[in-house]
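The values are calculated or read from the model by the stated rules, or taken from the named source; none is laboratory data. This one's a predicted model, so the numbers in the text were calculated from it and none came from an experiment. Cβ atoms come from the backbone with ideal geometry, glycine included; neighbour counts cover every protein chain shown.
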Amino acid sequence: MIADDIMKSLAADPDGLLTYEYIANHINVLSPDDMTALADNMIQVDRNGQFVVSAARYLSATDRELFAEPIARLIAAAIDKDRERRYLGDLLQAIYGPDYAERAGELSAADDNFRRIYKRLYSNSPL
């Protein structure tokens with residue numbers, strides 16, 4: 001469990017970087033409940049989605065199954081926050097693999113977050 005004073009300090013994080021650094025520096029001792037609290041905090045403080053995307057990518061690379069729920073929530077938040085589409089493209093390959101374009105139909109049918117990202121980035125696509 002993350003100490004209350006640490007969570008209070010992370011709640012004052014101006015953009016999500018401090019929360020991301022905390023995750024990266026403590027990944028070996030964080031429980032899924034800790035990650036849920038940290039994801040909630042990051043979603044709250046990151047205004048443009050930069051660190052939300054970075055955290056989703058990092059958690060996916062670390063242990064996609066253990067952190068599946070926070071990853072899905074971070075991705076959904078990134079879709080809402082990254083209105084300028086600066087960071088969303090990084091999620092496609094990192095989360096869905098280098099062959100995501102070839103599997104777009106399959107992934108779109110199985111994963112609402114993928115479908116939303118793909119439609120946002122490729123609005124002229126027939127999907």
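Report yes if some residue within the stretch 16-38 is small (Gly, Ala, Ser), within 27 Å of Arg116 (Cβ to Cβ), assigned to a helix (DSSP H, G or I) and at pLDDT 95 or above; otherwise report no. Yes, the stretch 16-38 contains at least one residue that is small (Gly, Ala, Ser), within 27 Å of Arg116 (Cβ to Cβ), assigned to a helix (DSSP H, G or I) and at pLDDT 95 or above.
Taking the options Ile2, Ile43, name whichever one is touching a residue at least 24 places away in the same chain (Cβ under 8 Å), part of a helix (DSSP H, G or I) and either more than 24 Å from Phe114 (Cα to Cα) or hydrophobic (A, V, I, L, M, F, W, C) (or both). I'd like the intermediate steps shown before the answer.
Values: Ile2 fails: part of a helix (DSSP H, G or I).
After ruling out the rest, the residue left standing is Ile43.
Can you go through Leu38, Leu74, Leu30 and tell me which one is in contact with a Ser or Thr (Cβ under 8 Å, 6 or more places away or on another chain) and at negative phi? It would help to see each step written out before you state the result.
Numbers: Leu74 fails: in contact with a Ser or Thr (Cβ under 8 Å, 6 or more places away or on another chain); Leu30 fails: in contact with a Ser or Thr (Cβ under 8 Å, 6 or more places away or on another chain).
After applying the criteria, what remains is Leu38.
Would a scan of the stretch 39-47 turn up a residue that is surrounded by 19 or more Cβ atoms within 10 Å (Cβ to Cβ) and of a type in the set (Asp, Glu)? Yes, that holds for at least one residue.
Looking only at the stretch 71-87, decide whether some residue is surrounded by 13 or more Cβ atoms within 10 Å (Cβ to Cβ) and either over 12 Å from the mean Cα position of the chain (by Cα) or over 22 Å from Val45 (Cβ atoms) (or both). Give the steps one after another, and end with the answer.
So in the stretch 71-87, the residues surrounded by 13 or more Cβ atoms within 10 Å (Cβ to Cβ) come out as 71-79, 81-82, 87.
Checking which are either over 12 Å from the mean Cα position of the chain (by Cα) or over 22 Å from Val45 (Cβ atoms) (or both) leaves us with none.
No.
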